[in-house]
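Asker: So that we are looking at the same thing, I have put the structure below in structure tokens.
The values are calculated or read from the model by the stated rules, or taken from the named source; none is laboratory data. This structure is a prediction, so every number in the text was calculated from the model and none was measured. Glycine gets a Cβ as well: all are built from the backbone with ideal geometry, and neighbour counts include every protein chain shown.
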Amino acid sequence: MKSIVILISGRGSNMQAIVNACAAEHWPARVAAVISNRPQAAGLAFAAAHGIATAVVDHEAFATREGFDDALANAIDAHAPDLVVLAGFMRILGPRFVTRYEGRMLNIHPSLVPAFPGLRTHERALEAGCKVHGATVHFVTTSLDHGPIVAQAVVPVLPGDTAETLAARVLEREHVLYPRAVHWFIVGELHTAAGIVTHTRGSPQQLL
């Protein structure tokens, strides 16, 4: 039975999708803990209601990023995770922290990486005149919102789209994409070489 720790900063809708899929699909894993950097994160209540351990490591309580990173790592390591999942975790993590979990930390970013790292991805996609947009699950590296790509979901950019309507369409796909990618990791179907992720069953990494 593998152990998953999920990091959130808000309502954690992707965390909820992963928790629900893990239970419904009987993964050989459990979500051992949900940890937030914000005490008021709504997702903590969902986790607690599902019998999942919760913790808060408030970034505002630390004078340095390194101090926060060390405290967060201690909270994570208390659950001996096989996988750390960033699900709307809105903090930039330092190189030492990222290296500590290299190869076993996933993130989902609301763009088709390498396009539009950082914030305002939906606005930027509209401003650029993109015809498609989407989300990417990737292994976390020291490069912000980059890293070996596990899976991508693509949505069309429709006439009249706003950042809000586009974001909602992308988020709907995220809730399918992220649990699937996490499951692939848990059952050992992902392999990375030279920065490229392959799948033992071929190439199911794109969800159109």
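Asker: Restricting to region 87-132, name every residue that is touching a Leu at 6+ places or on another chain (Cβ under 6 Å) and either of a type outside the set (S, T, N, Q) or farther than 18 Å from Ile8 by Cβ (or both).
Answerer: Selection gives Phe89, Arg104, Pro117, His122.
Asker: Here is a follow-up. Please verify whether Ile108 is in a helix (DSSP H, G or I), in contact with a strand residue (DSSP E or B) (Cβ under 7 Å, 6 or more places away or on another chain) and closer than 27 Å to Ala29 by Cα, treating the condition exactly as stated.
Answerer: no
Asker: Filter region 143-166 down to residues that are of a type outside the set (Ser, Thr, Tyr), modelled with pLDDT under 95 and surrounded by fewer than 20 Cβ atoms within 10 Å (Cβ to Cβ) and give me whichever is nearest to Gly103 (Cα to Cα).
Answerer: Looking at the filtered set, the residue picked out is His146.
Asker: Ser3 passes all but one of (1) hydroxyl-bearing (Ser, Thr, Tyr); (2) over 19 Å from Thr142 (Cβ atoms); (3) in contact with a helix residue (DSSP H, G or I) (Cβ under 9 Å, 6 or more places away or on another chain); which number fails?
Answerer: All conditions pass for Ser3, except number (3).
Asker: Suppose we filter Ala115, Ala151 for residues that are among the small types (Gly, Ala, Ser) and under 27 Å from Lys2 (Cα atoms); which single one remains?
Answerer: Ala151
Asker: Would you confirm whether or not region 29-50 contains a residue that is under 24 Å from Ser111 (Cβ atoms), surrounded by 13 or more Cβ atoms within 10 Å (Cβ to Cβ) and among the polar types (S, T, N, Q)?
Answerer: yes
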